[in-house]
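Asks: Input: one structure, supplied below.
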Amino acid sequence: MTFLLQMIVTGIVVGSVYALVALGFVLIYKSSDAINFAQGEFLLIGTYVCLTLITAYNIPFVAALLIALMFSAVLGFVIERIVLRPFIGEPVISMIMATIGLSSVLAGIVHIIWGHETRVFPKIFSEKPVNLGEIVIAPVYLWSLLIVVVMLVIFTLFFKYSKLGIAMRATADDQQAAMSMGISVKMIFAVAWAIAAIVSAVGGILLGNINGVNASLSAIGLKVLPVAILGGLDSIPGAIIGGLIIGILESLTGGYLDPLVGGGLKEVMPFVILVFILMFKPYGLFGKKEIERV
Amino acid sequence: MLTINNVEVMYDKVILVLKGMSMVVPKGKIVALLGSNGAGKTTTLKAISGLLKSENGEVTDGFIELYGERIDVNDAETIVKKGIFQCMEGRRVFKHLSVEDNLIAGAHTRKDRKNIKSDIQKVYHYFPKLEMLKHRQAGYLSGGEQQMLAIGRGIMAKPKVLLLDEPSLGLAPLLVKEIFSIIKKINKEEGTTILVVEQNANVALSIADYGYIMENGRIVMDGTVDRLLSNQDVREFYLGMGDKGRKSYKDIKSYKRRKRWL
Ligand SMILES: Nc1ncnc2c1ncn2[C@@H]1O[C@H](COP(=O)(O)OP(=O)(O)OP(=O)(O)O)[C@@H](O)[C@H]1O
Ligand SMILES: [Mg+2]
């Protein structure tokens with residue numbers, strides 16, 4: 001029983017990080033209908049920048065985190081500008097292909113700069129486990145959960161109430177009508193990419209603190225694609241719930257099934273669930289219903 | 001004052017749609033732009049608002065000026081900032097946004113953010129129905145309510161010139177009358193200059209000061225409302241009030257052919 005709870009709590013924490021990263025997919029999909037296959041590299045770059053600032057320049061964690069986030073935002077902005085903007089108005093598939101190309105290029109750059117050995121974050125959070133009733137949990141998990149929750153709340157408020165957030169939702173609904181309001185659609189795309197880079201970086205840094213950092217961390221980018229699709233690809237609450245479902249199921253698979261089959265099941269679980277759910281709900285759990293009444 | 005001078009518009013670099021279109025919209029007035037399907041009315045509005053560029057359309061000749069300043073070279077957001085706001089054909093409300101969020105989106109380019117609350121109230125004053133629906137998703141509104149919302153977004157932008165593209169589209173006659181009387185009221189109370197495109201010539205001319213009639217990408221006739229209303233051709237072909245009974249289709253064709261050479 002304690003083991004089960006332990007697995008579930010771990011799943012919730014990891015799943016919440018997935019949800020945050022999936023938000024990046026959702027934003028880009030909502031604004032430009034494209035899927036960003038370079039998201040995993042965004043995650044990796046943000047994480048490495050933060051790690052390098054801490055280890056090589058002795059900058060305190062919080063400051064390093066903020067600088068890494070700013071760096072990611074700029075990276076997202078710039079990449080949107082030079083790589084993706086030429087594809088506005090072209091078929092979506094061209095933009096998706098461009099992100100695949102981008103992903104290889106960024107992966108190459110990361111490899112050149114940081115190599116491929118696993119690095120670890122210096123111990124930032126206290127290592128003394130916290131006892132929550134019967135379960136024992138490392139502080140890094142609690143901090144991760146807290147940071148993710150805070151970020152999700154900030155983004156929710158941003159989209160619900162801020163001028164830019166409303167403009168982003170309007171653009172997702174009807175691009176040309178948004179232009180007729182004087183909304184700069186290019187600017188909205190750029191912001192979507194910047195936010196996607198930020199949430200990826202935060203996700204990477206949190207998971208990096210839990211598991212260490214190497215190039216395979218970018219696989220998380222791909223792993224959260226099922227999360228986003230599960231949630232309906234265009235729904236923010238959907239991404240959150242999708243993240244939690246995948247996180248928990250993954251953790252349970254790792255805890256109960258992997259020892260029986262000798263491991264590896266955990267990694268494919270998200271995709272198995274994805275296929276299964278899409279068979280019944282082709283638009284994901286929370287996919288946008290097209291409102292048609294003219 | 002908005003001036004369109006000898007404008008030529010091409011889509012996709014080959015389809016010539018406006019062929020020397022000229023018109024003037026004087027400050028504080030309501031001008032009606034009438035014409036049959038495909039005449040190029042919507043294209044004219046998009047040329048003014050800069051939305052053409054998002055459809056691979058381009059002003060290839062002539063110019064458009066707002067108070068003597070050329071705007072045909074600007075992009076859509078700059079033109080909104082300069083004070084021209086287009087309510088697009090088919091209403092185009094943001095379906096998944098609430099009514100109130102739609103209104104806030106309408107005010108996107110406004111610098112005086114603190115007046116936005118009171119302007120939302122103003123929209124509710126013109127369209128009391130919207131206030132009751134303010135938290136509803138706009139996609140679920142009826143056609144008439146969506147049209148009110150589309151015009152409401154226009155009020156929120158506080159434009160100098162409001163471009164309305166077929167506000168009567170698909171609405172019941174009574175509602176059309178109501179909406180047009182509100183358009184007139186907005187013109188009076190806010191001092192907004194209005195250019196309204198319509199198929200429904202009757203109702204458009206009922207509120208307008210001046211009218212233009214376009215065929216095939218250019219203006220074929222213009223005049224004060226009184227003059228247009230007393231013109232035999234206008235009465236026959238746009239108001240459906242032929243004095244000698246219905247003409248045959250052949251006659252209408254020859255009329256069009258004649259007009260093409262004007
Ligand atoms: N994006 C476009 N690309 C190519 N051709 C276009 C485009 N938009 C309009 N046209 C063409 O331009 C012509 C004029 O269209 P426009 O929409 O301006 O007419 P309209 O007067 O508004 O007609 P309606 O009363 O039916 O709305 C039509 O022949 C149309 O096919
Ligand atoms: Mg039209």
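The values are calculated or read from the model by the stated rules, or taken from the named source; none is laboratory data. Quick caveat: nothing in here was measured; it's all calculated off a predicted structure. Cβ sites come from the backbone with ideal geometry, for glycine too, and all protein chains shown count toward neighbours. SASA here: full protein model, heavy atoms, side chains in, ligands and nucleic acids out. Shrake-Rupley method; radii C 1.70, N 1.55, O 1.52, S 1.80 Å.
Asks: Hey, any hits in segment B:185-198 for a residue that's within 14 Å of chain A (Cβ to nearest Cβ), over 24 Å from B:LEU239 (Cβ atoms) and of a type outside the set (Lys, Arg)?
Replies: Within segment B:185-198, none of the residues are within 14 Å of chain A (Cβ to nearest Cβ), over 24 Å from B:LEU239 (Cβ atoms) and of a type outside the set (Lys, Arg).
Asks: Does at least one position in segment B:52-67 carry a residue that is at positive phi, without any contact (Cβ under 8 Å) to a residue 60 or more places away in the chain and either in contact with a helix residue (DSSP H, G or I) (Cβ under 7 Å, 6 or more places away or on another chain) or within 11 Å of chain A (Cβ to nearest Cβ) (or both)?
Replies: yes
Asks: Okay, next question. Restricting to segment B:33-47, name every residue that is near ligand 2 (Cβ under 8 Å from one of its atoms) and of a type in the set (Lys, Arg).
Replies: B:LYS41 - this is the single residue of segment B:33-47 that is near ligand 2 (Cβ under 8 Å from one of its atoms) and of a type in the set (Lys, Arg).
Matching residues to (1) acidic (Asp, Glu); (2) within 26 Å of B:ILE4 (Cα to Cα):
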residue	(1), (2)
B:ILE116	no, no
B:LYS122	no, no
B:LEU141	no, no
B:GLN146	no, no
B:VAL161	no, yes
B:GLU166	yes, yes
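Listed here are the residues, each with its yes/no results for (1) more than 16 Å from ligand 2 (Cβ to nearest atom); (2) facing chain A (nearest Cβ under 8 Å); (3) surrounded by fewer than 22 Cβ atoms within 10 Å (Cβ to Cβ).
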site: B:ASP72; (1), (2), (3): yes, no, yes
site: B:GLY90; (1), (2), (3): no, yes, yes
site: B:THR109; (1), (2), (3): yes, yes, yes
site: B:LYS117; (1), (2), (3): yes, no, yes
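Asks: If you don't mind, another one. Does segment B:145-159 contain any residue that is part of a helix (DSSP H, G or I), among the small types (Gly, Ala, Ser) and without any contact (Cβ under 8 Å) to a residue 40 or more places away in the chain?
Replies: No - not one qualifying residue is present in segment B:145-159.
Asks: Confirm whether B:GLY170 is within 14 Å of chain A (Cβ to nearest Cβ) and within 16 Å of ligand 2 (Cβ to nearest atom). Even if it seems obvious, please write down each step before you answer.
Replies: Details: within 14 Å of chain A (Cβ to nearest Cβ): yes; within 16 Å of ligand 2 (Cβ to nearest atom): yes.
Taking the combined requirement at face value, the residue satisfies it.
Asks: Additional query: Is one or more of the residues making up segment A:194-206 in contact (Cβ under 8 Å) with a residue 12 or more places away in the chain, within 15 Å of A:VAL14 (Cβ to Cβ) and surrounded by fewer than 24 Cβ atoms within 10 Å (Cβ to Cβ)?
Replies: The answer is no, given that none of the residues of segment A:194-206 is in contact (Cβ under 8 Å) with a residue 12 or more places away in the chain, within 15 Å of A:VAL14 (Cβ to Cβ) and surrounded by fewer than 24 Cβ atoms within 10 Å (Cβ to Cβ).
Asks: Failed condition for A:THR171, given (1) away from chain B (no Cβ under 14 Å); (2) open to solvent by less than 70 Å² (accessible area, probe 1.4 Å); (3) touching a residue at least 24 places away in the same chain (Cβ under 8 Å), with all others met?
Replies: It is condition (1) that A:THR171 fails.
Asks: Return the pair list, or none, for Cβ contacts closer than 7 Å from residues in segment A:268-281 that are of a type in the set (A, V, I, L, M) to residues that are open to solvent by 40 Å² or more (accessible area, probe 1.4 Å) and in a helix (DSSP H, G or I), at least 6 apart or on different chains.
Replies: Filtered contacts from segment A:268-281: A:MET269/A:LEU249; A:ILE273/A:LEU249; A:LEU274/A:ILE229.
Asks: Could you pull out every one of the strands (runs of 3 or more DSSP E) wholly within segment B:1-63 that has 3 or more residues that are of a type outside the set (A, V, I, L, M), open to solvent by less than 60 Å² (accessible area, probe 1.4 Å) and in contact with a strand residue (DSSP E or B) (Cβ under 8 Å, 6 or more places away or on another chain)?
Replies: Details: elements: B:2-11, B:15-25, B:30-35.
Ranges flagged: B:2-11.
Asks: Report every pair of residues separated by at least 6 positions or lying on different chains whose Cβ atoms are under 8 Å apart, first residue within segment B:75-90 and within 16 Å of ligand 1 (Cβ to nearest atom), second of a type outside the set (Phe, Trp, Tyr) and open to solvent by 50 Å² or more (accessible area, probe 1.4 Å).
Replies: B:ALA76/B:LYS53; B:ALA76/B:SER54; B:GLU89/B:LEU169; B:GLY90/A:VAL294; B:GLY90/B:LEU169
Asks: Which residues, counting only those in segment B:176-207, are open to solvent by 50 Å² or more (accessible area, probe 1.4 Å) and either within 15 Å of ligand 1 (Cβ to nearest atom) or among the polar types (S, T, N, Q) (or both)? Step through it out loud before you land on a result.
Replies: Just the residues of segment B:176-207 that are open to solvent by 50 Å² or more (accessible area, probe 1.4 Å), to begin with: B:177-178, B:181, B:184-185, B:188-190, B:199-200, B:202, B:206.
B:SER181, B:GLN199, B:ASN200, B:ASN202, B:SER206, listed by residue number.
Asks: Something else now. Which one is farthest from the other protein chains (Cβ to nearest Cβ), of the residues in segment B:173-184 that are free of Cβ contacts under 8 Å to residues at least 40 places away in the same chain and in contact with a helix residue (DSSP H, G or I) (Cβ under 8 Å, 6 or more places away or on another chain)?
Replies: Among those that are free of Cβ contacts under 8 Å to residues at least 40 places away in the same chain and in contact with a helix residue (DSSP H, G or I) (Cβ under 8 Å, 6 or more places away or on another chain), it is B:SER181.
A quick yes/no check of all residues on (1) assigned to a helix (DSSP H, G or I); (2) at pLDDT below 85; (3) away from every other protein chain (no Cβ under 14 Å):
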position	(1), (2), (3)
A:LYS186	yes, no, no
A:TRP193	yes, no, yes
A:ILE205	yes, no, yes
A:SER216	yes, yes, yes
A:PRO226	yes, yes, yes
A:PRO237	yes, yes, no
A:GLU250	yes, no, yes
A:GLY255	yes, yes, yes
A:GLU290	no, yes, no
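Asks: Now for a separate question. Here are some residues: B:LYS122, B:LYS95. Which one is within 14 Å of another protein chain (Cβ to nearest Cβ), surrounded by fewer than 22 Cβ atoms within 10 Å (Cβ to Cβ) and either at pLDDT 95 or above or over 19 Å from B:LEU164 (Cα atoms) (or both)?
Replies: When all the criteria are applied, what remains is B:LYS95.
Asks: Tell me which of these B:VAL24 doesn't satisfy, since it passes every other one: (1) near ligand 1 (Cβ under 10 Å from one of its atoms); (2) free of Cβ contacts under 8 Å to residues at least 24 places away in the same chain; (3) under 30 Å from B:PHE237 (Cα atoms); (4) not charged (D, E, K, R).
Replies: Of the numbered conditions (1) near ligand 1 (Cβ under 10 Å from one of its atoms); (2) free of Cβ contacts under 8 Å to residues at least 24 places away in the same chain; (3) under 30 Å from B:PHE237 (Cα atoms); (4) not charged (D, E, K, R), the odd one out for B:VAL24 is (1).
Asks: Test A:ALA177 against the criterion of being more than 14 Å from every other protein chain (Cβ to nearest Cβ), buried (at least 24 other Cβ atoms within 10 Å of the Cβ) and under 28 Å from B:ASN102 (Cβ atoms), and give yes or no.
Replies: Here the answer is no, as A:ALA177 does not meet what is asked.
Asks: Could I ask something else about it? Could you run through segment A:257-279 and say how many residues are closer than 30 Å to A:ASP173 by Cα, open to solvent by 40 Å² or more (accessible area, probe 1.4 Å) and modelled with pLDDT of 80 or more?
Replies: 4
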